[in-house]
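So the structure is just underneath, and the comments pick up after that.
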Amino acid sequence: MEIFDALFAIGLLLVMAKLLEGLFKRIGINSIFAYAITGVILGPVTGLIDAENDFQIILNIGIFIFFFLVGLDELDISGFLRSIRGRLFIAAILSVAISMAASLAVTTNVIFDVGLDLNFTDAMAVAGVLSLSSLGIVAKVLIDEDRLKEPVGIQIFTAVVIAELLVLFIVGFAISEHTFLDAQGHLDVATSVGLLLGQLAAFTIVTWIVCNKLIPRLLVLLHRVLQVPQLSYGLLLGGLFLVIVLAEKVGLHGTLGALLFGAALSPLPYQLRHDSMPGMRSTAEGLFVPLFFASAGLNLNLDFLNLPPVTIVALVFVPLAGKFAGAIISAYITRLEAPIAIASGLMAKGVAEIALLLVMLHGHVISEALFSLLVVIMFGYILLTPMGISLAMRRTRPSEVESGDMAQLHLLERFVLGEIQVKDVLDKTRVYPDQDITVRNFVDHWTTPEQHDYVVVDGGKLAGVVSISLLRYLPRTQWAQTSLQDALRRATPTAGPDDQVEDVLQNMIDNSLTVMPVVDPDNEQFLGSISSYEILEIVLLNASGRDI
């Protein structure tokens, strides 16, 4: 019956989590609250689900997929390496150092004892969580405020990227099994850090080479030879699990391995992303992530109220003051513009902190009482810091950044499509194959190796789209006798000249297309087409035109 108890718990958590997510969205509250409150209601409040229910393996998969997607969507290691010489890198280091020092003051007993009774590495892990900044929260606020591509927005975004990577490394070090003790049994920090740095460097280099050079080419080859549905999805998911195991074998925590794997795959070609990422995100957002964060609610209790008042006050206010002071001091020392706005960005906290706290709880690094207190603190950050960033940004006037700081712009390449419309890039001189030609004529004279879908016309009017992948179902012996109109996808979506290129790209992804016909919405006149490859060229031209 244990399996049915686990299925009951999973089903109930998923149904309530997604229903609450829909309700919370209407009032602008983060979906993570919906998931966590689901766990609270079904766990501590009603007792319908036991926090010790036997579906821990699913929760572990959830945390790994979550950090994989964080690395894929948010982190840009190549841009991070290019920013090492900049003032923002120095500012981020100072900010993290000051924030970590303040947090360590209350998580260790070196300066004063607040009753946590943690060893040094566990205290460092907790301090890292209290010092972590959320790139996801910052990016969302800057996009909502339409300030992401302004100089100040660029500074905030880049500073948070650097700070997040640094702190994730610190937490990864603290919770990994790689520490060395000296002859007296004390932690040998120098040896441990040196070992981890070497392991991390080797692991990153190997992962980066394999993911950038070998995996894309291998996937393309396997697609051509095997033609198996969802091949990329299965291989990448399996590869993720193998990388996690490898990371654990070399002494790194699996979450750090998942994060690096995702970051290394961030430049994955469009077609491979299209084949694999929708399934990965659907699996994560529909199953693993809601369950994972609902478990935060299942494990949440009021035991933290029994902690000494000095412990609660110290953990709430000392890291808060240290984080803000670190951001302000570092911004002023390095003479960055808008120090208050940058400080507000570095204050942002998101879901990664709760994910790390769950890892630490399941690893018996922290107690349930401390876990509950820290989760409540994180919820406070998630609610308040977006409002603080918005307020600081509205009080900051747009200004110019010196050319020396423009190296950070590489980190924003994924946002270069924000204001470009279809009519800005539409080539109206292009010619298109007519539906009356044969498939053999089309293959011989119109197809190119890099294009998968083609717009077809009927006397200058839109006829439909033909996909190379569908032609494999037509025997070659019939190509010379079959007209192109017999192989068309006629019910295809279209774009208008005033549509945003970013929206058109998403529409292509949703409809499994690499090309989109453009039609005048007033008279249905066919104007031309736009392809994913043209959009990629826009990104590359925007990147190459910057002072990197």
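Values in this text are rule-based calculations from the coordinates and carry no lab data. Since we're looking at a predicted model, the values are computed, not measured. With ideal geometry, Cβ positions are generated from the backbone for all residues, glycine too; neighbour counts draw on all protein chains shown.
Figures for the structure shown
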{"quantity": "Exceeding the 29 Å Cα-Cα cut-off - candidates Lys213/Lys423; Lys18/Lys349; Lys25/Lys349; Lys25/Lys213", "calculated": "Lys213/Lys423; Lys25/Lys213"}
{"quantity": "Dipole in debye (nearest 20) - segment 456-539, about Cα centre, beta carbon charges: Lys, Arg +1; Asp, Glu -1", "calculated": "720"}
{"quantity": "Placed amide H near Leu462: partners under 5 Å, 5+ positions off or other chain", "calculated": "Phe526"}
{"quantity": "Environment charge of Gly326, counting only residues whose C-beta is closer than 15 Å and scoring Lys/Arg +1, Asp/Glu -1", "calculated": "+1"}
